[in-house]
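Right, one structure below, let's go through it.
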Amino acid sequence: MSLDALKARLQDIHSLNQVGGLLGWDQRVKMPSAGAPARAEHLATISKLSHQLLTSDETANLIEAAKQEIDPNDFDSDDTSLVRVAAEDYRKAAKIPTALVVEMEKTVAIANEAWVEARAKDDFSLFQSHVEKIYDLVGQQAEALGYKENIYDALIDLYESDMTTAEVKRLFDELRTGLVPIVKAIGQQADKISDAPIHQPFDVAKQREFGEMVVSKLGFDFSRGRQDESVHPFCSNFSRNDVRLTTRFDPNWLSPALFGTIHEAGHGMYEQGSPEHLDHTILAGGTSLGVHESQSRMWENIVGRGLPFWNHFYGQLQSTFPEALGNVDLDTFYRAANKSEPSLIRVEADEVTYNLHIMVRFDIEVAVLNGDLAVKDLPEAWNAKYEEYLGIRPPNNRLGVLQDIHWSLGIMGYFPTYALGNLLSVQFYELALKDHPSIPDEMAEGKFDTLLNWMREHIHQHGRKYSSPELVKRVTGGAIQTGPFLGYIRQKFGQLYDL
Ligand code: ZN
């Protein structure tokens, strides 16, 4: 059976990719930075083997032969999905020369260390030549992949199938038009909310304990996962039973670790919810980054920054930090946790302004890839965009262009998926709420499984079987929209700020 031979081959490729992922996790969590050059070689070898296996004639022949053994009309079956997804993976991978894959892998492993150092020293010049090389390689990759209108289309498509630069622009224009008046109105009421309660000393060990308790209650299974610390928080997994979260702590600020942990656990619960029968196949895991981010942002924001959630957890938080919060009532804390104001760091931004941070990155990436902006001018372009969209200017590059890890990893085209995920998070949540209007009351009682099970049933159980547009259509009946998100923001922040 060609189908069985194809499955065996895909499993080898999948295993290699997971091993590469583990090396990457180790690099960002445990490895001494002097290990970077050797690690670059290891990762390059794994990528080379994986890419060669996937793009070989034998794989192409097996895919073609397997197509004869499946029923193409049985779109939902695992076998038909496997062949369809394998053909798509093959189609994309085969366009990129293995040599380019290897060069990219070696370049980013070194660049990542350069970024860490440049960020620590607030010195863009230490990173500049690496970014120049990476943008060059990413451009080559995009040209090899091909595109209809904009070179950036080829890159977005790697993370969000069939999404285009023009469609992202259209959605972002709509979003900005909706958000700017809200940001302005909040700005005029800025004094209404103080976030002083969450900016106090919070013991780091207790922060960790509280965060892990919270995400266990939400449904993250620590017997199939763990949490560590890293410079840039992330979630990775090597099977549905080995899901790794990372976080970072600020001893004087509660939000980054707590909401970061909930965010990454949202990704983690998606991976842990990938069905057992798809594990160790290319259909395991999440379908696209946008859908992935819909899960993390829903748990972080709609749930974790929501009043029902704090109705349940605030007493425990107060008893964990009696000195800081003993005299702060629930309403004051809830408002503090939701204070909205233009800020410099994307991952710490509030729900209203977050997407504006994404628009800065999107505009810059599109400009560099289209030859309209030189890498050496990135810091200035970044600062100017922050002034334009958020009305504030970073005082240094550490709080500006050096804050995100993505360019050092060569994943340009990735940022828009964060905003798309925000839009989807509200679309999905509202559907769950329609099916189960009791969800907020349940959350106030510490019960989160109705919501998690809805996500399991409608999203997680499908793994990678359906592309993002297919899945979104299946779940919502349509496509990604800005309306539900803007409605949610207007309602929540209208109430918080008496707008
Ligand atoms: Zn995320």
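Observations
- In the full protein context, the chain carries 40 Å² of accessible surface per residue, based on a 1.4 Å probe and ignoring ligands, DNA and RNA.
- Hits among lysines - C-alpha to C-alpha of Lys121 under 25 Å, sequence gap 8 or more where chains match: Lys30, Lys106, Lys133, Lys376, Lys385
- Judged by the gyration tensor of its Cα atoms, with axes a ≥ b ≥ c, segment 155-281 is oblate; a/c meets the 1.5 cut and b/c is at least as large as a/b.
- Rounded to 10°, Cα long-axis angle of helix 125-145 versus longest principal axis of the chain: 50
- Amide H contacts for Asn237 (H built 1.01 Å from N in the peptide plane; partners 5 or more residues away or on another chain; cut-off under 5 Å): Arg244.
- Spatial offset of segment 1-76 relative to segment 150-188 amounts to 32 Å, using the alpha carbon center of each.
- Alpha-carbon Rg with Dmax, taken over segment 177-250, Å: 17.7, 48
- Computed in the context of the full set of protein chains, the accessible area of segment 227-350 at 1.4 Å probe radius has 47% of its extent on carbon or sulfur.
- Taking the convex hull of the alpha carbon positions in the chain and averaging its projected area over all directions gives 22.0 nm².
- Restraint check, Lys92/Lys492; Lys184/Lys217; Lys169/Lys339, Cα-Cα greater than 32 Å: Lys92/Lys492; Lys184/Lys217
- Cα shape, segment 236-376, gyration tensor, a/c 1.5 rule: oblate
- Additional length obtainable on full extension of the chain from Asp250 to Ala205, 0.36 nm per residue less Cα span: 15.1 nm
- Summed side-chain charge close to Pro394 - residues other than Pro394 whose Cβ falls under 12 Å, Lys, Arg +1, Asp, Glu -1: +1
The values are calculated or read from the model by the stated rules, or taken from the named source; none is laboratory data. All figures in this text were calculated on a predicted structure; none of them were measured in a lab. Counting neighbours? That spans all protein chains shown, and the Cβs are built from the backbone with ideal geometry, glycine included. What goes into the accessible areas is simple: the full protein's heavy atoms, side chains included, and nothing from ligands, DNA or RNA. Shrake-Rupley method; radii C 1.70, N 1.55, O 1.52, S 1.80 Å.
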